[in-house]
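What follows is a set of notes on a single structure, which appears directly below.
Each reported figure results from applying straightforward, stated rules to the coordinates on display, with no laboratory input. The structure presented is a predicted model; accordingly, all values stated were derived computationally and were not measured. All Cβ positions, even for glycine, are placed from backbone atoms using ideal geometry, and neighbour counts span all protein chains on display.
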Amino acid sequence: MSLFVATQTLPFGVALLVMLGLTVLEVIGLITALSPSSWIDSLLPEPAVDGGLDGVLGWLHVGKVPSLILLILFLASFSVAGYAVQIFARNLLGFYLPAFIAFIPAFFGAMASVRLGGKWLAYIVPRDESSAISESEFVGRVALVTAVSSQKILAAQARLRDTDGRSYFILVEPDLEDLQLTQGMQVLLIKKMGSVYRVIENPHPTLI
């Protein structure tokens, strides 16, 4: 039976299709400024170093690289690793492994790929989170809205620059219900709630 239509490789085929769909979604988001990556990031807790889920997210570089990019990397790696395992099994044993058995090495291979690939991507994606200033120091600074979703439930993306010219991409929401964020608007960060900053329109445009 062909590799790509065998039931034993079904999970890897599904992962490949989902990965392609997410890639298209991300490209459309970049074109339309809907920023699906920002929406996914706003749903996740902030990475920490105290173990548990936060520790896992931090280990996978969530927060340093857009989560949708990491998910695409995971699905691509899972698919490739799964097919590789099945090809190896077919050549060695003469048959494909059951999907649940091939799933195990493919999953851990994909996790390792996200760990290593995420570290590399953190250096090239437009999200500089160096030690110049910490996130706790963002409050009180001015940022420029770079991407706004047409849906009110999604946070907007904004770019903040420090005194050295480094850029930080963050998620922002209006603190006032009647404030509508628009692309190119200057906003003042007044407080942080989870991974999202509450903002008002910059009352002093010369501050940016």
Response to the item:
Listing Ser167, Ser2, Ser113 by rising number of other beta-carbon atoms within 10 angstrom, fewest first, gives Ser2, Ser167, Ser113
Worksheet entry | Built amide H within the under 5 Å cut-off of Phe138, gap 5+ | none
Worksheet entry | Per-residue ³J(HN,Hα) for the range 93-98, Karplus 6.51 cos²θ - 1.76 cosθ + 1.60, θ = phi - 60°, Hz, x for Gly and Pro | 9, x, 8, 7, 6, x
Worksheet, complete the sentence: Calc'd 3J(HN,Hα), the range 167-179, phi into Karplus 6.51 cos²θ - 1.76 cosθ + 1.60 (θ = phi - 60°), Hz, glycine/Pro = x, comes to 9, 10, 9, 10, 9, 9, 9, x, 7, 10, 4, 8, 8
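Round to the nearest 0.05 the FRET efficiency obtained for Ser2 and Arg115 when R0 = 25 Å and r is the Cβ-Cβ distance. Display every interim value, and only then the final one.
On the way: r = 32 Å, r/R0 = 1.28.
Efficiency for this residue pair is about 0.20.
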Worksheet entry | Full-stretch length increase - Leu93, Asp162 - with 0.36 nm per residue and alpha-carbon distance subtracted | 19.0 nm
